[in-house]
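Data first, discussion second: the structure below is written as structure tokens.
Values quoted throughout were computed directly from the atomic coordinates according to the rules given, and no laboratory measurement underlies them. Note that the structure is a prediction, hence the values are computed from the model and not measured. When we count neighbours, we look across all protein chains shown, and the Cβ atoms used for this are built from the backbone with ideal geometry, even at glycine.
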Amino acid sequence: MIIDAHTHIFTSRMKQDRSVYFKNEPEFSLLYDSPKAAICTIDDLILSMDRHQVDTSVVCGFPWRTPDTIKKNNDAVIEAVIKNPGRIKGLACFDAAWDGAADETLRCIDAGLSGAGELAFYLSGIDETALGYLTPVMAVLKETGLPCMIHTNEPVGHKYPGKTPITLEQIYALAKAFPDNKIILAHWGGGIFFYNVMKKEVRDVLKNIWYDTAASMFLYSPQIYDMAVVAGLADKILFGTDYPLLPPDRYYKDMDASGMTPEQKAMVLGKNAHALFR
């Protein structure tokens, strides 16, 4: 079983002419201004899944600011779930600062989606203001027992589009602020999982945190998988490609180059996500 826990789709119109959506959407412009930044529809994703033997994909839209655009992208995800039962699960996506975010989360869950994400604060860190924006959304997700995927990144190293001014202290504060929520930290959680080996406090604070592998080979060597296993997190790592950023086979090669056992690979590739997303 292979479950890709981190993919993105857009509507056909968004793919055909992305420039229409740059106005009042600085985050979208930041990530997709370059024509090299791939945009895909559900049809593109299904073809890739078939090509790479992916059984199920968890799909996100984009954290738009404009309410109408938010709903159109979420509706495309809802439609994808309905038309592809068992193969597609979806997450509600939006700008968390939108005052309709909690209501949109509930609308999407009622329509069949499996949580929220990938929520992001691309132009800021996850500061106290951001935690305030997340609070009503997290309340809805806590009530339903569904996860929230949040964009994180390592606070050091090279710069790239989408790298936010986040700190490990902010990521830790996020976990402490919502201890009873299931939270997926995209992109290996910015490396905070390394601290799971600390003797006091941290392991308990991070008990409801999962980490996905999105963009892993752009950031880390294959040894990252071994380090996660040593940190006691073999059951908390989710295979995620950030498709269409990268195809699944790039990740398969990285996992094969790691020291994980076949059972550990099976956990990362699907068993962990199967348990989390029921």
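List every residue whose amide H lies under 5 Å from the amide H of Lys182, counting only residues 5 or more places away in sequence or on a different chain, with H placed 1.01 Å from N in the peptide plane.
It is Cys148, by chain and number.
Please figure out what share of the DSSP beta bridges in the chain is antiparallel and state it in percent, rounded to the nearest 5.
0
Please report the net charge: other residues with Cβ closer than 10 Å to the Cβ of Thr241, K and R +1, D and E -1.
Working: positive: Arg250; negative: Asp4, Asp212, Asp242, Asp249.
Taking every Cβ under 10 Å from that of Thr241, the sum is -3.
Counting Lys and Arg as +1 and Asp and Glu as -1, what is the net charge of the other residues whose Cβ lies under 13 Å from the Cβ of Tyr251? Present the calculation step by step, with values, prior to reporting the outcome.
Working: positive: Arg250, Lys253, Lys265; negative: Asp4, Asp212, Asp242, Asp249, Asp254, Asp256.
Within the 13 Å Cβ shell, the charges total -3.
Please list the non-local residues whose amide H lies under 5 Å from the amide H of Lys89, H modeled 1.01 Å from N, same-chain partners needing a gap of 5 or more.
Answer set, sorted by chain and number: Ser57, Val58, Val59.
Counting only C-alpha contacts under 8 Å and six or more residues apart, can you give the relative contact order of the chain as a whole percent?
19
Karplus couplings for the range 198-207 from phi (6.51 cos²θ - 1.76 cosθ + 1.60, θ = phi - 60°), rounded to Hz, Gly and Pro as x?
Residue by residue, the range 198-207 yields 5, 6, 10, 6, 4, 4, 6, 4, 8, 5 Hz.
Return Val81, Val58, Val230 ranked ascending by Cβ neighbour count within 10 Å, so the fewest neighbours appear first.
Val230, Val81, Val58
Counting other C-beta atoms within 10 Å, which of Met198, Met255, Met260 has the fewest, and how do the rest follow?
Lowest to highest Cβ neighbour count: Met198, Met255, Met260.
Can you give the calculated 222 nm mean residue ellipticity of the chain, where each DSSP H run of n ≥ 4 adds -39,500 (n - 2.57) and the sum is split over every residue, rounded to the nearest 500 deg cm²/dmol?
Calculated mean residue ellipticity at 222 nm is -11000 deg cm²/dmol.
How would Ser12, Ser57 line up from fewest to most surrounding beta-carbon atoms within 10 angstrom?
Details: Ser12 10, Ser57 29.
Least to most surrounded, the residues fall as Ser12, Ser57.
For the range 3-276, what is the Kirkwood hydrodynamic radius in Å, using each pair of distinct C-alpha atoms? It would help to have the intermediate numbers written out before the result.
Details: mean 1/r = 0.0539 Å⁻¹.
Computed over the range 3-276, the radius equals 18.5 Å.
If the limit is 19 Å between Cα atoms, which of Lys182/Lys207; Lys176/Lys200; Lys236/Lys265; Lys159/Lys253; Lys163/Lys253; Lys176/Lys265 go over it?
The pairs that break the limit, which is 19 Å between Cα atoms, are Lys159/Lys253; Lys163/Lys253; Lys176/Lys265.
In a shell of Cβ-Cβ distance under 14 Å around Ser124, excluding Ser124 itself, what net charge do Lys and Arg (+1) and Asp and Glu (-1) give?
On the way: positive: Arg65, Lys163; negative: Glu27, Asp95, Asp127, Glu128.
Overall, the nearby charge balance is -2.
Take the Cβ-Cβ distance between Ala97 and Lys15 as r, set R0 to 30 Å, and report the resulting FRET efficiency rounded to the nearest 0.05.
Working from the Cβ atoms, E equals 0.70.
Excluding same-chain residues fewer than 8 positions from Lys23, which aspartates and glutamates have a Cα within less than 18 Å of its Cα?
Excluding near neighbours in sequence, the set is Asp33, Asp68, Asp95.
Show the residues, 5+ positions off or on another chain, whose built amide H is closer than 5 Å to the amide H of Tyr243.
Those lying under 5 Å, H to H, from Tyr243 are His8.
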